[in-house]
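> Next up is a structure, given as structure tokens.
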Amino acid sequence: QVHAGTDRAQAEDLVRRLKAAGYESFLAEIDGPQPYRVRVGPFVSRDLARARAIQLEKELGLETYIPPTGL
């Protein structure tokens, strides 16, 4: 996950920017105070998810989060 917020347009814009940069990404909507989540993936392993997280942090300056379960 690279974003959580309340502004749907901002989240959609980030998805577009990530896709333009070659990252498979999508908008996930959940119930809660920050309903719009931008996620990158899916990944076949946590190791691949971690490697991509490091890449996103270095290349785009995005803070990343990998949930304890699931990818």
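The values are calculated or read from the model by the stated rules, or taken from the named source; none is laboratory data. Predicted, not measured: the structure shown is a model, and the values here were computed from it. All Cβ positions, glycine included, derive from the backbone under ideal geometry; neighbour counts span all protein chains shown. These area figures cover heavy atoms from the full protein model, side chains too; ligands, DNA and RNA do not enter into them. Shrake-Rupley method; radii C 1.70, N 1.55, O 1.52, S 1.80 Å.
> State the number of residues belonging to region 46-59 that are among the hydrophobic types (A, V, I, L, M, F, W, C), under 12 Å from VAL2 (Cβ atoms) and without any contact (Cβ under 8 Å) to a residue 40 or more places away in the chain.
Taking region 46-59 as the starting set, the residues that turn out to be among the hydrophobic types (A, V, I, L, M, F, W, C) are 48-49, 51, 53-54, 56.
Next, from what is left, pick out any that are under 12 Å from VAL2 (Cβ atoms): 49, 53, 56.
From the residues that got through so far, the ones that are without any contact (Cβ under 8 Å) to a residue 40 or more places away in the chain too are 49, 53.
Looking only at that region, the number is 2.
> Cβ-Cβ below 6 Å, separation at least six or inter-chain, first residue in region 29-45 and modelled with pLDDT of 95 or more and basic (Lys, Arg), second open to solvent by 60 Å² or more (accessible area, probe 1.4 Å) and in a strand (DSSP E or B): which pairs?
So the pair list comes out as ARG39/PHE26.
> Also: Out of region 29-38, which residues are under 20 Å from ARG17 (Cβ atoms) and either open to solvent by 80 Å² or more (accessible area, probe 1.4 Å) or in a helix (DSSP H, G or I) (or both)?
GLU29, GLN34
> I need the full set of residues from region 39-51 which are among the aliphatic types (A, V, I, L, M), over 16 Å from GLY61 (Cα atoms) and loosely packed, with under 13 Cβ neighbours inside 10 Å, in order please.
VAL44 - this is the single residue of region 39-51 that is among the aliphatic types (A, V, I, L, M), over 16 Å from GLY61 (Cα atoms) and loosely packed, with under 13 Cβ neighbours inside 10 Å.
> Enumerate the pairs (first residue in region 1-28 and open to solvent by 90 Å² or more (accessible area, probe 1.4 Å); second residue anywhere and assigned to a strand (DSSP E or B) and among the aromatic types (Phe, Trp, Tyr)) with beta-carbon separation below 8 Å, excluding pairs fewer than 6 apart on the same chain, so at least 6 apart or on different chains.
Close Cβ pairs satisfying both conditions: THR6/TYR36; ARG8/TYR36; GLN10/TYR36.
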